[in-house]
Amino acid sequence: MSLPATPEAPAASTAASTAPVPTPALAWTHRFATLGEAFFTDNPPTPLPQPQWVAWSADVAATLGLPADWMASAEAAEVFTGNRLLPGSRPIATVYSGHQFGHWAGQLGDGRAIWLGEIDTPAGPQEIQLKGAGLTPYSRMGDGRAVLRSSIREFLCSEAMHGLGIPTSRALALTASPAPVVRETVETAAVVTRVAPSFIRFGHFEHFSAAGRIDELRRLADFVIDHHYPACRQAGGNPYAALLEAVSARTAELLAQWQAVGFCHGVMNTDNMSILGLTIDYGPFQFLDAFNPAHICNHSDTGGRYAYHRQPNIAYWNLFCLGQALLPLMDDQQQALDALEPYKTLFPAALQRRMGAKLGLSEVQPGDDTLVEDLMQLMAKDAVDFTVLFRRLSGAADGPLEPVRDLFLQREAFDAWALRWRERLTGQPGFDAPATREQMRRTNPRIVLRNHLAELAIRRAREGDFSEVQRLLKALQAPFDERAGEDDLAALPPDWAAGIEISCSS
Ligand code: AMP
Ligand code: MG
């Protein structure tokens, strides 16, 4: 398969700039470090040889106040590989624990992520981390590194999720080094610089709670409430129960967004669950191609614990772990149970709202759940492509149904469903077909980071050509737009895509 050349690849080479560009002075705050040394270890990154730019997000750089000409510099490539520290940075690795695949795994921690610190930005405080920047006290059996393959996937998917409007850690930078990294074969190293208002995980709470270190648990919970959930203290009840309820609400929204876009996370361990309800730790994730509700995207997940249709329940299970961890700060167990209860209604309501919007329905009515469910069943039966289906359906709001119908084997069953959909759609008060199509096109993406798209960019990158990573980045940042030269990214996947196996190896 040949791909068109990148029209506007950003300057992305260590040789891009020769004139000296001043090193930016950032407004470091390092609030996490105020928690005290029980929570982290000072740990500088370990340099990598010959760092090279792969890509960076101009959007994230602008948010952080990093000038474009500095980003293009060799110094920036050194900084975001961990070879040079920005003045004022305080590199640390934090400790957390967690449940992995349903079992208590004990202490984990930032085994290859190194926090450079937190800075003030117009978008609020942001923590900056290098992933793959070397050993930490929490590396256990690992080497502290990340391979180019998985780093390209994390970099692109972070920006893709943001483009889709789904809460996520962002990706600022991606650099590569020829340093060998041993996985199933010998690969090469890369570093992703990722950014979020907080990288605190459920596992951070589990760590101190499981060890009976209640003072530290309380300090952590107070920190999160003060900086991220101040309303929890203002409500008057137990603030930690309020925190659990607020995190549950955000997680319910997040899961509805994942399900509605066909996103499988792949490793929903409690150490990969963000206390802010962000998508974090991109590993063997996948956007569904052919719809199969039981799809397992992680080749290492032999039991299918993290299959697509299980994700909402797994999130709830993980919230129970968070509740268990916070229990010592509550008056009784009932408080935790009460805080967890709303998820059971919030998640289905959020999903129904989002699935309704995908069908062009401006508000949820009785019977809409059946309409959605029946479509999903037809899609599953005929293994219809998730993204292409909803995108084509958007065009059918005021256009012909044939392009959608063509995706189905069971045409009569689809026709019967389409009749019900059209009736419900056009029966909406003040129905405006072109406006509905537009709304559906802003809801149903044209381009998602399918496995095979990432795979093609990875193959090129391994040959030293990063143009496909840059082209994908640009497309994924505006996934709802109809743009020339991107038809290959919006097309049905090739047959070989079904054979791609992505595991925990990264
Ligand atoms: P993950 O499955 O990527 O969320 O990782 C689970 C745990 O293993 C975390 O504590 C990671 O920091 C750690 N880890 C994963 N890969 C490595 C590696 N190559 N070197 C050190 N630690 C790692
Ligand atoms: Mg992780």
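The values are calculated or read from the model by the stated rules, or taken from the named source; none is laboratory data. Note that the structure is a prediction, hence the values are computed from the model and not measured. Cβ: placed from backbone, ideal geometry, glycine included. Neighbour counts: every protein chain shown.
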Practice task
Within segment 157-170, identify whether any single residue is away from ligand 2 (no atom under 13 Å from the Cβ), in contact with a helix residue (DSSP H, G or I) (Cβ under 9 Å, 6 or more places away or on another chain) and farther than 28 Å from residue 443 by Cβ, and answer yes or no.
Solution key: no
Handout entry: Filter pass, residue 273 being more than 25 Å from residue 38 (Cα to Cα) and within 16 Å of ligand 2 (Cβ to nearest atom)
Key = no
Fill in the blank from the handout: When segment 285-311 is checked residue by residue, the ones that are within 13 Å of ligand 1 (Cβ to nearest atom) and outside any loop (DSSP other than H, G, I, E, B) are 298
Problem - Scope segment 385-411; condition surrounded by 19 or more Cβ atoms within 10 Å (Cβ to Cβ), part of a helix (DSSP H, G or I) and more than 28 Å from the chain's Cα centre (by Cα); matching residues - result: 404
Practice task
Tell me which residues, restricted to segment 128-146, are crowded, with 22+ Cβ neighbours inside 10 Å and either within 16 Å of ligand 2 (Cβ to nearest atom) or over 12 Å from residue 91 (Cβ atoms) (or both).
Solution key: 129, 130, 131, 132, 133, 136, 144, 145, 146
Exercise for the section: Being part of a strand (DSSP E or B) and within 11 Å of ligand 1 (Cβ to nearest atom) is the filter here, so list the residues in segment 107-128 that pass it. Expected result: 107, 113, 114
Problem - Answer residue from segment 253-279, given it is among the hydrophobic types (A, V, I, L, M, F, W, C), under 25 Å from residue 128 (Cβ atoms) and touching a Pro at 6+ places or on another chain (Cβ under 7 Å) and is nearest to ligand 1 (Cβ to nearest atom) among those - result: 267
Fill in the blank from the handout: Filtering segment 18-46 down to residues that are in contact (Cβ under 8 Å) with a residue 40 or more places away in the chain, assigned to a loop (DSSP other than H, G, I, E, B) and closer than 30 Å to residue 96 by Cα yields 26, 27, 29, 30, 31, 36, 38, 39, 43, 44, 45, 46
Exercise for the section: Answer with yes or no whether residue 493 is exposed (fewer than 13 other Cβ atoms within 10 Å of the Cβ) and modelled with pLDDT of 95 or more. Expected result: no
Exercise for the section: Tell me, yes or no, whether segment 194-203 has at least one residue that is outside any loop (DSSP other than H, G, I, E, B) and without any contact (Cβ under 8 Å) to a residue 60 or more places away in the chain. Expected result: no
Problem - Out of 244, 288, sole residue that is within 26 Å of residue 388 (Cβ to Cβ) and either within 16 Å of ligand 2 (Cβ to nearest atom) or buried (at least 19 other Cβ atoms within 10 Å of the Cβ) (or both) - result: 288
Practice task
Working only within segment 248-278, note down all residues that are assigned to a helix (DSSP H, G or I) and more than 20 Å from residue 322 (Cα to Cα).
Solution key: 257, 258, 259, 260, 261
Fill in the blank from the handout: Note: among 185, 175, just one is modelled with pLDDT of 95 or more, of a type outside the set (A, V, I, L, M) and surrounded by 24 or more Cβ atoms within 10 Å (Cβ to Cβ), namely 175
Fill in the blank from the handout: Counting only residues in segment 412-461 that are basic (Lys, Arg) and assigned to a loop (DSSP other than H, G, I, E, B), the one nearest to residue 392 (Cα to Cα) is identified as 446
Fill in the blank from the handout: Out of (1) touching a residue at least 60 places away in the same chain (Cβ under 8 Å); (2) within 16 Å of residue 267 (Cβ to Cβ), the one residue 107 does not meet is (2)
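Quick test for you: out of 282, 240, pick the one residue that is among the hydroxyl-bearing types (Ser, Thr, Tyr), away from ligand 1 (no atom under 16 Å from the Cβ) and at pLDDT 95 or above.
240
Restrict the check to segment 364-384 and report whether at least one residue is within 26 Å of the chain's Cα centre (by Cα) and not in a helix (DSSP H, G or I).
Yes, there is a match, as at least one residue in segment 364-384 is within 26 Å of the chain's Cα centre (by Cα) and not in a helix (DSSP H, G or I).
Please go through segment 71-104 and give me each residue that is part of a strand (DSSP E or B) and without any contact (Cβ under 8 Å) to a residue 60 or more places away in the chain, ordered by number.
Correct list: 93, 103.
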